[in-house]
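For reference, the structure discussed in these notes is given below.
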Amino acid sequence: MTTLLLSLLLALAQTVLPGPAPGPVPGVRPLPAPLRVARWWDPPPTPYAAGHRGVDLSAPVGAELRAVGPGRVHHAGLVAGRGVLSLTLPNGLRTTYEPVRPLVTEGEEVTAGQVVAVLTEGSHCPQPCLHWGLLSGETYLNPLTLVPHPTPRLLPTSAPAGV
């Protein structure tokens with residue numbers, strides 16, 4: 001029974017958070033734990049089809065955003081009228097944050113966990129949120145694969161009476 005429960009829990013975790021992104025996993029959250037997902041990653045079936053190419057994380061305006069790993073600032077500025085920060089990580093992945101006010105400049109080296117931006121007002125969620133994206137080349141990936149996964153632990157239960 002315990003093995004079946006563990007198998008089910010692991011299968012559920014893999015459904016919600018598919019396998020790791022290519023290369024080393026940085027493992028720093030962009031916001032403090034717990035992360036509250038307002039909208040999940042929903043990759044489009046084709047490059048130009050509708051979909052959600054990142055995750056929206058609920059957070060208050062003014063929240064400090066951290067680099068999920070060491071890297072270099074690829075872009076820090078406006079895109080279509082919104083503040084956007086894009087970081088290139090050592091493994092070739094690129095992560096983006098929006099809507100933000102960047103605290104770093106293009107070309108600057110950043111360290112894992114460094115505060116790199118502040119969340120600003122946005123219009124894509126009913127409540128303030130960070131749209132967090134992840135790219136490998138031209139392929140969008142689930143950015144939640146960069147977040148450290150909790151280690152499943154089985155806890156003892158009381159044996160039913162008479163067993």
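Values quoted throughout were computed directly from the atomic coordinates according to the rules given, and no laboratory measurement underlies them. What you see is a predicted model; the values in this text were computed from it and never measured. Note that we place each Cβ from the backbone using ideal geometry, even for glycine, and neighbour counts take in every protein chain shown.
Classify the range 21-86 as rounded, prolate or oblate from the Cα gyration tensor: take a ≥ b ≥ c as the square roots of its eigenvalues, call it rounded if a/c is under 1.5, otherwise prolate when a/b beats b/c and oblate if not.
Details: a/c = 1.24, a/b = 1.21, b/c = 1.03.
Note, shape of the range 21-86 comes out rounded.
Which residues' amide hydrogens lie under 5 Å from the amide hydrogen of Arg39, considering only partners 5 or more residues apart or on another chain, with H built in the peptide plane?
So Arg39 has HN proximity to Asp56.
Sorted by mean Cβ packing within 10 Å, highest first, what order do the peptides 44-53, 59-68 take?
Working: 44-53: 10.5, 59-68: 18.1.
Result, highest mean first: 59-68, 44-53.
Provide the net charge surrounding Pro32, with neighbours chosen by a C-beta distance below 10 Å and charges set as Lys +1, Arg +1, Asp -1, Glu -1.
That works out to +1.
Is the shape of the range 31-156 rounded, prolate or oblate, going by the alpha carbon gyration tensor and its root eigenvalues a ≥ b ≥ c, with a/c under 1.5 for rounded and a/b larger than b/c for prolate?
rounded
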